[in-house]
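Note sheet for the following structure.
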Amino acid sequence: MSGNTRNCSSYFDARQRDGEIKGLFFLDKTQRDTEGKRRTDLHFLDLERGEISDVLSTTPPDVPVGSTVVTCGNHVYTIGGTILRGGILRSLNHVFRFDFKHAERGWRKVSSMLYPRGLPEALAAQGKIYVFKGSRDCFGEVYDISGDSWVPLCVPSIAEYSGVSRPVLLDSSRSRILVHFSGDRYRSLYAYYYNDKSWVCLDPKFPYWSLTVGIVGNVLYVFHEISDDICSWKAYDVQDKKWLPVKWLTEFSLHQPFTAPVGAPLIHLGNDKWCMVWHSITLNCFEYLIFRMWRNGHGGIYAAAVDGYRTSASFGSVNPTILMP
């Protein structure tokens, strides 16, 4: 394993301060190994300084492409993935773990999933990892971190005729996972209560969902579309089950992230502060927009960019993966 293991622990300690996320780890496939193959390196993006670290760690060749990355405490897991064998793309069930606090141990293989999965959806909650999609044989499964074991996830009836939209979303204050299902006729929002191991339909007609989605308190935010003049956001009160109007304040009107690709992750930094981050191939840098969204006391949502501008950090990257905090 290459990289500065001491710095990795220091960056992990510095990523959060005063209850707010100050930096993000990401995986990058820019560099090549001695055989000319793309390798996957771990870096750190400092959101305050707009700086990117040197390589902190490199995943072993056994970690496949198309794996999903999940963080839980001071660990990060790569789950599933695909490999080309005999001209056929095959899914894998491999799982690897990396400890930010003990980076010198490298990436270690843990118990494999019950079923191979390519590009699964996954998140961590209360010492377990919940995995969805990526397999034709099994809807989902759950990894018990302390027991290093996997069990199947109970399947809702809607899964028989609708697929899971990306991403699945943790609503930790209610001990549940929000899962959007989309089919030919149905677009519905469900909740999986992981303590009770039960499914509940929250809204049978829930049209808006995207890769840029987040929740805090009772409000679910969805970045619905991008135009040349305005960012289109949707806000939904999950308790009252109603849509809320969103208004961008004037100082934000000249700084729309209209160059952001559809699918830029939405990261809750703390309190009412959020971040969208994406890599611009044209500008050869990471761009990110830090902004606030809050209830205005009049039945709607206000939003405004922090300091009124986007920030960039120069870095030529190939297929970067942001590690959600």
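Quick one: putting +1 on the C-beta of Lys and Arg, -1 on the C-beta of Asp and Glu, what dipole do you get for the chain around its Cα centre, in Debye to the nearest 20?
Values: 36 positive and 33 negative charges, 125 e Å.
In total the dipole reaches around 600 debye.
Between Val110 and Arg90, with labels modelled 7 Å along Cα→Cβ, what's the label distance in nm to one decimal, could you check?
Spacing of the two 7 Å Cα→Cβ label points: 2.5 nm.
Within the accessible area of the chain, what % is carbon and sulfur when the probe is 1.4 Å and the other protein chains stay in place?
Solvent-exposed carbon and sulfur of the chain make up 46 percent of the total.
Checking the a/c ratio against 1.5 first, then a/b against b/c, what shape does the Cα gyration tensor give for segment 161-209?
Prolate is the answer for segment 161-209, as a/c is 1.5 or above and a/b outweighs b/c.
Counting only heavy atoms of protein chains, what accessible area per residue, in Å², does the chain have with a probe of 1.4 Å?
49
Which whole-number percent is the relative contact order of segment 161-209 (Cα, under 8 Å, 6+ apart)? Each step should come with its number before you reach the end.
Values: 95 pairs, mean separation 13.9, N = 49.
Rounded, it is 28 percent for segment 161-209.
Of the listed values (i) 18; (ii) 37; (iii) 61, grab the one calculated as percent of Cα pairs over 36 Å apart from the structure here.
(i)
With an 8 Å Cα cut-off and a minimum separation of 6 or more residues, compute the relative contact order for the chain in percent.
Reported relative contact order: 12 percent.
Using a cut-off of 13 Å between beta-carbons, work out the net charge of the residues near Val155 (Lys and Arg +1, Asp and Glu -1, Val155 not included). Display every interim value, and only then the final one.
Values: positive: Lys133, Lys197; negative: Asp137, Glu141, Glu160.
Charge balance in the 13 Å sphere: -1.
For Asp203, what is the net charge nearby, where nearby means another residue's Cβ is under 12 Å from its Cβ and Lys, Arg count +1, Asp, Glu -1? Show your work: numbers first, answer last.
Details: positive: Arg187, Lys205, Lys241, Lys242; negative: Asp237, Asp240.
Combined, the nearby Lys, Arg, Asp and Glu give +2.
Could you tell me which trypsin sites (Lys or Arg not before Pro) in segment 175-218 are loop residues by DSSP with no more than 16 other beta carbons within 10 angstrom of their beta carbon? Don't jump to the answer; show the numbers that get you there.
Values: sites: Arg176, Arg185, Arg187, Lys197, Lys205; in loops: Arg185, Lys197.
Loop-located and lightly packed - Arg185, Lys197.
When we measure straight from the Cα of Lys273, which lysines land under 20 angstrom away, once same-chain ones fewer than 8 places off are left out?
Within reach: Lys22, Lys234, Lys247.
Please work out how much accessible surface Thr321 shows to a 1.4 Å probe, ignoring ligands, DNA and RNA, in Å² rounded to 10.
50
Around Gly183, what is the net charge, scoring Lys/Arg as +1 and Asp/Glu as -1 over all other residues with Cβ under 13 Å from its Cβ?
That sum, taken over residues with Cβ under 13 Å, equals +1.
Rounded, prolate or oblate: pick one for segment 1-152, where a ≥ b ≥ c are the square roots of the eigenvalues of its C-alpha gyration tensor, a/c under 1.5 means rounded, and failing that, prolate if a/b is larger than b/c, else oblate.
It comes out oblate by the Cα gyration axes.
In deg cm²/dmol and to the nearest 500, what is the mean residue ellipticity at 222 nm of the chain if only DSSP H runs of at least 4 residues count, each as -39500 (n - 2.57), divided by the residue total?
-1000 deg cm²/dmol
Hey, got a sec? Which trypsin sites (Lys or Arg not before Pro) in segment 19-57 land in a DSSP loop and have at most 13 other Cβ atoms within 10 Å?
Lys37, Arg49
The values are calculated or read from the model by the stated rules, or taken from the named source; none is laboratory data. Since the structure is predicted, the reported quantities are computational estimates derived from the model, not experimental observations. Positions of Cβ are backbone-derived with ideal geometry, glycine not excepted, and every protein chain shown enters the neighbour counts. Side chains included, ligands, DNA and RNA excluded: accessible areas come from the protein's heavy atoms. Shrake-Rupley method; radii C 1.70, N 1.55, O 1.52, S 1.80 Å.
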